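First comes the structure, then the notes that go with it.
The values are calculated or read from the model by the stated rules, or taken from the named source; none is laboratory data. Since the model is a prediction, treat every value here as computed from it, not as a measurement. Don't worry about glycine lacking a Cβ; one is built from the backbone with ideal geometry, like all the others, and counts go over all protein chains shown.
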Amino acid sequence: MNWTAAMNFLSIEPVRLLLYLVGICAFVGANAAYLVLAERKGAGRFQRRPGPNEAGWGGVLQPVADGLKLMAKQMIVPPGTDRLLFRAAPLMVMAPPLLCLATIPFGESIVARNLNIGLLFVFAFGSINVMALMLGGWASRNKFAIISSARVVSQSVAYEIPMLLVVITVLMVAGTLDLQELIVQQAGGFWHWNLFKVWVNPLMPVTFLIFFTCMLAETNRAPFDMAEAESELVAGAFTEYGGMGFGVFFMAEYANIVVGCSLATVMFLGGWQSPFGALSGGLWGPVWFLAKMYALIFAVIWIRWTFPRTQFYSLLNLSWKILIPLSLVTLLLTGAMIKLPLLLELF
Amino acid sequence: MSLFSAVRETFVGIKSLFTGMRITLGEAVKPNITVQYPHETLKMADRFRGHIKLVLDPETGKSRCTACNLCVRACPSGCIEVEGMKREGEKKKSVTEYNLDFTTCSLCGSCIEACPSDAIEFSKDYNKVSLNRADFDHMDLVKKLEAEAKVWAETHPSTSAAPAEANPVAPTAPEPKPAAEAPKSS
């Protein structure tokens, strides 16, 4: 058993996929656990207090303590619930982010399965998350959970539209659904990133902002966390869940944030490309990718602890009256900017 | 017109969002203001009113109380009991027993105002918890003072020596050892 034999064994397709699957599960698990800590630490930082700091050095063992506590609790299925859906909802909410991460390229060659329709794949599975929350709320036979389900659906419908319009804008610029190809096109310094491609469309930064806002709304993050508005709906769709059932919903929220921020990184911030052209290739790819992703996650936490929760009507107004017209404008402008030179050549 | 104002409102709104984020980030880089209570405590304000206590006279290491009973008479709740005796070689009486019934004390401070020798003051002690009622309705202030004097004698060996010995020639002379024990033995 020598080195090359081991490498050959690892590069057999099923083995490689299995390893990636385990890796992705571990990545999502670790991120979900430690982003909860980061969130609480961030909340503390923004409010000038230290946050959890008793468990372990500076509170690094807090996620372990939380996890143990949740696992030690019984997961009660309340009487009158739809048992199958009630049990299935936590699985359905956790599975899509895991699947989505399979197509997300962390580096030049670090991707579990690069699909030529990667972007479509991610959005197709990303929308299952909404259904899982809705089913969980519906199956709970709890008024708060059902109200939350209704909110999740209407919010998701409202924000899916501008998000997809923005994605179409990026697609028109890039001309590919392949995430790896999308990143390769943004090579060579940050001015080549889709975010700053103002000569293609002067509204490209606005497009990014729309995408980011929609991402916040899709993942039910503050200031759009209507689905789990604690002051109104107890815990939203997962009011009736206890123990690790609740824990899985909680982890799925952070896993979805990871997916959303990864996607924003791939689509607008050049994925694993170096921002200066230098220090690229090899292990720098994942380093740049993770740096950009965590910067975006920091922004998500930053936003959560800056803005109060919006009203539900203003939430929908923001989408239908501002984001959708704006994303349509960027879409049309991009189309015009791409086609106008061709049109001018005719004359 | 309304479209115009809607667009302007959008821009103003977006600008306000960024202003808010700038402010929170500015706060985030400032130091913590939390006092980690069990590990660290704040200094109590001078006006804080805890239960009354006997003042430790740094010159003698004892109480200034002369058991004149003025505080007992000043107390509107009648929650103070004082016993005193005259020791040999001293002009005034000194306190032997000072019991406070803290369950009826209203912290009005009349006793402190009435005291002619500044022998009592509000303590800054707020960590008062007990399962025993007697710890509150029979607070033995003399005992507390003795405990305080012991600590004080250990932490200030030289300062208590100087006035007792009254030796102006060598105030920094390393001979406070017997003097420091003096208040303890008496």
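Observations on the structure shown:
- Residue in the stretch A:145-168 that is among the β-branched types (V, I, T) and not in a helix (DSSP H, G or I) present: no
- Answer residue from the stretch A:266-305, given it is part of a loop (DSSP other than H, G, I, E, B) and buried (at least 21 other Cβ atoms within 10 Å of the Cβ) and is nearest to the other protein chains (Cβ to nearest Cβ) among those: A:L269
- Given (1) within 14 Å of chain A (Cβ to nearest Cβ); (2) surrounded by fewer than 10 Cβ atoms within 10 Å (Cβ to Cβ), number of the condition B:Q36 does not satisfy: (2)
- The test for being touching a Ser or Thr at 6+ places or on another chain (Cβ under 9 Å) and either at positive phi or within 12 Å of another protein chain (Cβ to nearest Cβ) (or both) does not hold for B:A28.
- Filter result for A:S314 (assigned to a helix (DSSP H, G or I), surrounded by fewer than 18 Cβ atoms within 10 Å (Cβ to Cβ) and polar (S, T, N, Q)): yes
- Across the stretch A:191-208, the qualifying residues are those that are within 22 Å of the chain's Cα centre (by Cα) and part of a helix (DSSP H, G or I), and the one among them that is surrounded by the most Cβ atoms within 10 Å (Cβ to Cβ) is A:T207.
- Where A:A65 falls short, out of the listed (1) part of a loop (DSSP other than H, G, I, E, B); (2) more than 14 Å from every other protein chain (Cβ to nearest Cβ); (3) without any contact (Cβ under 8 Å) to a residue 40 or more places away in the chain: (1)
- Residues that are part of a loop (DSSP other than H, G, I, E, B), within 14 Å of another protein chain (Cβ to nearest Cβ) and over 16 Å from A:I257 (Cβ atoms) do occur in the stretch A:40-48, at least one of them.
- Residue match in the stretch A:85-99 (condition: β-branched (V, I, T), more than 16 Å from the chain's Cα centre (by Cα) and closer than 19 Å to A:A255 by Cβ): no
- Residues satisfying the stated conditions in the stretch B:125-137, i.e. surrounded by fewer than 14 Cβ atoms within 10 Å (Cβ to Cβ) and not aromatic (F, W, Y): B:D125, B:N127, B:K128, B:V129, B:S130, B:L131, B:N132, B:R133, B:A134, B:D135
- One residue stands out among those in the stretch A:285-301 that are under 16 Å from the mean Cα position of the chain (by Cα) and in contact (Cβ under 8 Å) with a residue 40 or more places away in the chain: the one that is nearest to A:P105 (Cα to Cα), which is A:F289.
- For the stretch A:3-10, the criterion of being within 14 Å of chain B (Cβ to nearest Cβ) and either free of Cβ contacts under 8 Å to residues at least 24 places away in the same chain or β-branched (V, I, T) (or both) is met by none of the residues.
- Answer from B:V12, B:V82 - the residue that is more than 13 Å from chain A (Cβ to nearest Cβ) and either modelled with pLDDT of 85 or more or under 30 Å from B:C111 (Cα atoms) (or both): B:V82
- Among (1) of a type in the set (G, A, S); (2) more than 14 Å from every other protein chain (Cβ to nearest Cβ); (3) free of Cβ contacts under 8 Å to residues at least 12 places away in the same chain - the single one A:A88 does not satisfy: (3)
- Qualifying positions in the stretch A:274-322 - within 24 Å of A:A158 (Cβ to Cβ) and in contact with a Cys (Cβ under 9 Å, 6 or more places away or on another chain): A:L296, A:I297, A:A299, A:V300, A:S319
- The residues of the stretch B:103-120 that are surrounded by fewer than 17 Cβ atoms within 10 Å (Cβ to Cβ) and either of a type outside the set (G, A, S) or not assigned by TED's automatic domain parsing to the domain that holds B:A74 (or both), listed by number, are B:T103, B:T104, B:L107, B:C108, B:E113, B:P116, B:D118.
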